[in-house]
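> Pasting a structure here, questions to come.
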Amino acid sequence: MKKILNYTFFLFFSIAFSQNKVTISQALNIASKQSMLCERLAKEKIFKVTNPNNLNTEQKLGVSLIQFEQNIALLKETELSENITTNIVTLEMLWIGYRKNILNNDKSSSIKIMEFNNVMLYHCNNLFESLLNFSKKNKSYPYNTSIKELPNAYKASNNLKYLSQKVSLYYNAYYSKIIPYDPLKLTQITQEIDNSITTILKSKKISNSLNKKIENVNLEWDSLKVSIKKATDDKFTNVLKYPKPEYVLAQTTKLLKDDDLLIRLYKETSEN
């Protein structure tokens, strides 16, 4: 807990010395990170509860807390439309309760996080979609390019960021019996990831330099999906037969990193 408090101190220190104004494209990128961080915080919270001796998870949790709060502060300083600013203020208010449950160590807070998480994600995604529409209206990135496949690929890759964390969150929650198994939830998340991957694969025609990274993302998901299917087909009735949450967590982290690199390549390609 002291480490998290130290991270929080670093947060206010870093904000105080941040002088750069955020552009629209940067605000869009920050908003997409909020959706991912919302899921990653819940994932790390549940993993910390189920693995209390894992100090590495506590450190990661502290870093995610810093990033989420710093991103809110940066978005508040950005000149945006009134409705988007209202979305940011709403998210900031919800964050107070979400953060409290993230830091709480009792068992009931884990159940609350699984419920609260859906509310937070809805508002994070709503903010991202609002900024995406704002970018389209103002013809800024990713709509300032002649590459017609890029906007959809960009959006799909940003969706994959939070979905990669969400699938790990629910896998651990069911594996560790934090909440009762819902046969539809993981199937729904898996289908959403499949849809995102399908859209991303269509962007291979944009550039040869993108192909390798796109294939990496596709192969990593195919491998992970096989592991998740073993558990969902068996309805988590015998956890000794399935991959442990640590494996799923590690694989989704790799998927997130490759997807992040892919999003950077989209930006570089659009600027060439």
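The values are calculated or read from the model by the stated rules, or taken from the named source; none is laboratory data. The shown structure was predicted, so the numbers you read here are calculated from the model rather than taken from an experiment. As a convention, Cβ positions derive from the backbone with ideal geometry for all residues, glycine included, and neighbour counts pool all protein chains shown.
> Kindly indicate the residue of the stretch 195-206 that is among the polar types (S, T, N, Q) and crowded, with 16+ Cβ neighbours inside 10 Å and also farthest from Glu149 (Cα to Cα) among those meeting that condition.
So the residue we want is Ser196.
> Ile147 fails exactly one of the following numbered conditions: (1) touching a residue at least 24 places away in the same chain (Cβ under 8 Å); (2) outside any loop (DSSP other than H, G, I, E, B); (3) surrounded by fewer than 19 Cβ atoms within 10 Å (Cβ to Cβ). What is the number of that condition?
(2)
> Look at Ser207 and say whether it is touching a residue at least 40 places away in the same chain (Cβ under 8 Å), under 22 Å from Asp259 (Cα atoms), assigned by TED's automatic domain parsing to the domain that holds Leu150 and not hydrophobic (A, V, I, L, M, F, W, C).
Yes, satisfied.
> I'm checking my understanding of the structure. Among residues of the stretch 117-142 that are at pLDDT 95 or above and among the aromatic types (Phe, Trp, Tyr), which one is nearest to Glu79 (Cα to Cα)?
By that ranking, first place goes to Phe128.
> Please enumerate the residues belonging to the stretch 165-218 that are modelled with pLDDT of 90 or more and small (Gly, Ala, Ser).
Within the stretch 165-218, Ser168, Ala173, Ser176, Ser196 qualify.
> Another question about this same structure. List pairs: first in the stretch 52-67 and free of Cβ contacts under 8 Å to residues at least 24 places away in the same chain and assigned by TED's automatic domain parsing to the domain that holds Ile113, second crowded, with 18+ Cβ neighbours inside 10 Å and assigned to a helix (DSSP H, G or I), Cβ under 8 Å, 6+ apart or cross-chain?
The qualifying pairs are Asn54/Phe47; Asn54/Lys48; Thr57/Glu44; Thr57/Phe47; Thr57/Lys48; Lys60/Glu44.
> A further question on this structure: If Phe68 passes every condition in (1) of a type in the set (Phe, Trp, Tyr); (2) surrounded by fewer than 18 Cβ atoms within 10 Å (Cβ to Cβ); (3) at pLDDT 90 or above but one, which one does it miss?
Unmet condition: (2).
> Ok, one more. Just name the residue that is modelled with the lowest pLDDT out of those in the stretch 239-272 that are surrounded by fewer than 18 Cβ atoms within 10 Å (Cβ to Cβ) and polar (S, T, N, Q).
Per the stated criteria, the residue is Asn272.
> Also: Taking only pairs six or more apart or across chains, which ones have beta-carbon atoms under 6 Å, a first residue in the stretch 254-267 that is of a type in the set (D, E, K, R), and a second residue that is surrounded by 20 or more Cβ atoms within 10 Å (Cβ to Cβ) and not in a helix (DSSP H, G or I)?
Listed pairs, sorted by first residue: none to list.
> Only one of (1) surrounded by fewer than 16 Cβ atoms within 10 Å (Cβ to Cβ); (2) without any contact (Cβ under 8 Å) to a residue 40 or more places away in the chain fails for Asn152. Which number is that?
(2)
> Exactly one of (1) farther than 17 Å from Ile193 by Cα; (2) surrounded by fewer than 18 Cβ atoms within 10 Å (Cβ to Cβ) is unmet by Phe236. Its number?
Unmet for Phe236, out of (1) farther than 17 Å from Ile193 by Cα; (2) surrounded by fewer than 18 Cβ atoms within 10 Å (Cβ to Cβ): (2).
> Check Ile102, Ile147, Ile96, Ile88 and return the single one that is β-branched (Val, Ile, Thr) and under 21 Å from Leu262 (Cβ atoms).
Residue meeting the stated conditions: Ile147.
> Here's another thing I want to ask about it. Only one residue in Leu74, Leu121 is farther than 30 Å from Thr50 by Cα and either surrounded by 16 or more Cβ atoms within 10 Å (Cβ to Cβ) or under 17 Å from the mean Cα position of the chain (by Cα) (or both), so which one is that? Please lay out each step first, then the result.
Values: Leu121 fails: farther than 30 Å from Thr50 by Cα.
Answer to the check: Leu74.
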